[in-house]
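A.B. asks: Quick one: the structure is below, and I'll ask about it shortly.
The values are calculated or read from the model by the stated rules, or taken from the named source; none is laboratory data. As the structure is a prediction and not an experimental result, all values here were calculated from the model. Every residue, glycine as well, gets a Cβ built from its backbone with ideal geometry; the counts of neighbours run over all protein chains shown.
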Amino acid sequence: MSTQSDNQTAAAGNRSSGWVVFVFFMIGLVASIISGWVAFPELLYSTKQQPIDFNHQVHLEQMGGQCNSCHFFREDGSFSGSPTLEECKSCHMYPMTGNENEQKFIDEYVNQDKEVPWLIYAEQPPCVFFSHAAHVKGADMQCATCHGDIGHSTSLREYQENRITGYSRDIWGKSMLRLGEPDHGGRHQKMNDCAECHLKETGSKGDCFQCHK
Amino acid sequence: MAQQPQHTKTKRYGMVIDLDKCTGCGACMVACYAENNVPFRQDDSDKMRSLNWIRVMKVDNGKAFPDTEVCYIPMPCMQCDGQHMQGHSPCVSVCPAVATDYDYPTGIVSQIYTRCFGCRYCMAACPYHARKFNWWDPKWPADMEKYLNPDVSARMRGVVEKCSFCYHRYQKARDKAYVEGRDELHEDEYQTACTQACPTNAITFGDLYNPEHAVHSLSRSKNAFRLLERLNTNPKVYYLSSKSWVRRVADNYLEGENPEQVAKARKAAATH
């Protein structure tokens, strides 16, 4: 008799300790997932504001609706990227509107003859070769395909910088698992994203040298 | 070629070096150091440790004065096509990290420094000693960093590097062609730094497939040969020499073998 009841209590004890292990395992798992997927990415990036809140839409209207009025190709095939102070000055030598951002631009940069330290969202690491000419001229792609509809934005979004590497978060995308963002909204340019598109459009992921240097 | 991309015509960039013209001045090496940010050390006297993407070897015919003859052989990466011309070059086939790769559109063997983890299998596999290992982080004299080429990334300690046939120049030339709406590059648009630096024009560079490029006919001349040809690595660097003893040192020939006859037999076997 006594041995039977002992067995029963032992079995009950095993069952309840199994639950305890499971609950603690789940708590640990959830905590790890939250810290890895939510907390760490938040801590990893520092948020920076652009030196001037630039309004793309206004400029696009004034410049005839063409991106290449300011972001143009040079004769040697290289891409100009963000306009230099010299190019901005051709219009903004003196205030044209009562806008506070324009006034700030003229006071802090034009009058002091200083280049604006724009934070480039899509800036690639120095070991990457990216050819705008191949995409825009060679493959006839639209700017918005990769950069999103930035031409119709009225304000610049914040820039997020990886605290360890110093690179922009746009290269990785908002979430490493691509949670909650469209596949190709121009918000991530990871190697796999490039390779995926190349495979689809050209039939080959491309050779290493095409993008790496 | 196994994987021809459909949007471009496949090129096979190669080099022909006329050893009769080479004076061994080393201008090609200097130009290469400057163009490709190749690091050097303050004391670079230990040549086993020094890095260079092209180096000039010196050979002689082994005879005593006054019959001594000397020949200088500039050796960049041979950009091997591998047996059957399918990009199965010695280094590419052994790399466990896919850090080196055969670029099918150009035939150039790439080396991706950020991918390389420094196992040096490729160096052991390369029969030409074209690959160099970075034993130290590069260190340039104070102001020299300002003169580094921004088109070529600097390498760090622990990775292997090698000649890329100045691939960044190819990319720049292509960008220009895109903007001008062209598909094809002119011969003079893409030339390596060593080719342009050579004062005697001993080095010629171009597309071996293109009959309009000088290398096409030069590589087919009767004086043309490649180093260690019988390994079937199919290098894209050809040499020209009118001297039979130079051809003899270009491969490991047995005493009774005649390099010209061996080459003829190989050609005959290849066409049959």
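A.B. asks: Only one residue in A:Asp76, A:Asp107 is at negative phi, away from chain B (no Cβ under 14 Å) and among the charged types (D, E, K, R). Which one? Outline the logic, then answer.
C.D. replies: Numbers: A:Asp76 fails: away from chain B (no Cβ under 14 Å).
Unique residue meeting the criteria: A:Asp107.
A.B. asks: Now a separate question. When you look at A:Leu29, is it surrounded by fewer than 11 Cβ atoms within 10 Å (Cβ to Cβ) and within 24 Å of the chain's Cα centre (by Cα), yes or no?
C.D. replies: no
A.B. asks: Within region B:98-108, can one find any residue that is more than 10 Å from chain A (Cβ to nearest Cβ), touching a residue at least 24 places away in the same chain (Cβ under 8 Å), buried (at least 20 other Cβ atoms within 10 Å of the Cβ) and over 17 Å from B:Cys32 (Cα atoms)?
C.D. replies: There is at least one residue in region B:98-108 that is more than 10 Å from chain A (Cβ to nearest Cβ), touching a residue at least 24 places away in the same chain (Cβ under 8 Å), buried (at least 20 other Cβ atoms within 10 Å of the Cβ) and over 17 Å from B:Cys32 (Cα atoms).
A.B. asks: Moving on. Taking A:Asp113 and the conditions (1) more than 14 Å from chain B (Cβ to nearest Cβ); (2) part of a helix (DSSP H, G or I), which numbered condition does it fall short on, given that it satisfies the others?
C.D. replies: For A:Asp113, the exception is condition (2).
A.B. asks: In region A:128-148, what residues are of a type in the set (S, T, N, Q) and under 25 Å from A:His212 (Cβ atoms)?
C.D. replies: Listed by number, the residues that qualify are A:Ser131, A:Thr145.
A.B. asks: Let me ask another. Inside region B:138-167, can you point out the residues that are under 22 Å from B:Thr204 (Cα atoms) and either of a type in the set (D, E, K, R) or in contact with a Lys or Arg (Cβ under 6 Å, 6 or more places away or on another chain) (or both)? Quick ask: steps written out before the conclusion?
C.D. replies: Within region B:138-167, the subset under 22 Å from B:Thr204 (Cα atoms) is B:162-167.
Correct list: B:Lys162 only.
A.B. asks: Kindly provide the set of residues from region A:132-170 that are away from chain B (no Cβ under 14 Å) and either assigned to a helix (DSSP H, G or I) or within 29 Å of B:Leu185 (Cα to Cα) (or both), ordered by number.
C.D. replies: Of everything in region A:132-170, those that are away from chain B (no Cβ under 14 Å) and either assigned to a helix (DSSP H, G or I) or within 29 Å of B:Leu185 (Cα to Cα) (or both) turn out to be A:Gln142, A:Cys143, A:Ala144, A:Thr145, A:Cys146, A:His147, A:Ile150, A:Gly151, A:His152, A:Arg169, A:Asp170.
A.B. asks: Next question, about the same structure. B:Trp135 is checked against (1) within 11 Å of chain A (Cβ to nearest Cβ); (2) over 24 Å from B:Ile203 (Cβ atoms); (3) not charged (D, E, K, R) and fails just one. What number does that condition carry?
C.D. replies: Looking at each condition in turn, B:Trp135 falls short on (1).
A.B. asks: Further question: One residue is enough: does region B:48-61 have a residue meeting the conditions part of a loop (DSSP other than H, G, I, E, B), of a type in the set (A, V, I, L, M) and in contact (Cβ under 8 Å) with a residue 60 or more places away in the chain? Reasoning before the result, please.
C.D. replies: Applying the first criterion (part of a loop (DSSP other than H, G, I, E, B)) to region B:48-61 yields B:48-54, B:61.
This time we only want the ones that are of a type in the set (A, V, I, L, M), so: B:48, B:51, B:54.
Adding the requirement that they be in contact (Cβ under 8 Å) with a residue 60 or more places away in the chain leaves B:51, B:54.
Yes, region B:48-61 contains a residue that is part of a loop (DSSP other than H, G, I, E, B), of a type in the set (A, V, I, L, M) and in contact (Cβ under 8 Å) with a residue 60 or more places away in the chain.
A.B. asks: Quick one: would you say A:Gly151 is modelled with pLDDT under 90, small (Gly, Ala, Ser) and closer than 30 Å to A:Cys211 by Cβ?
C.D. replies: Working: modelled with pLDDT under 90: yes; small (Gly, Ala, Ser): yes; closer than 30 Å to A:Cys211 by Cβ: yes.
Spelling it out, A:Gly151 is indeed modelled with pLDDT under 90, small (Gly, Ala, Ser) and closer than 30 Å to A:Cys211 by Cβ.
A.B. asks: Of these, B:Leu218, B:Leu208, B:Leu185, which one is at pLDDT below 95 and surrounded by 19 or more Cβ atoms within 10 Å (Cβ to Cβ)?
C.D. replies: Criteria check complete, one pass: B:Leu208.
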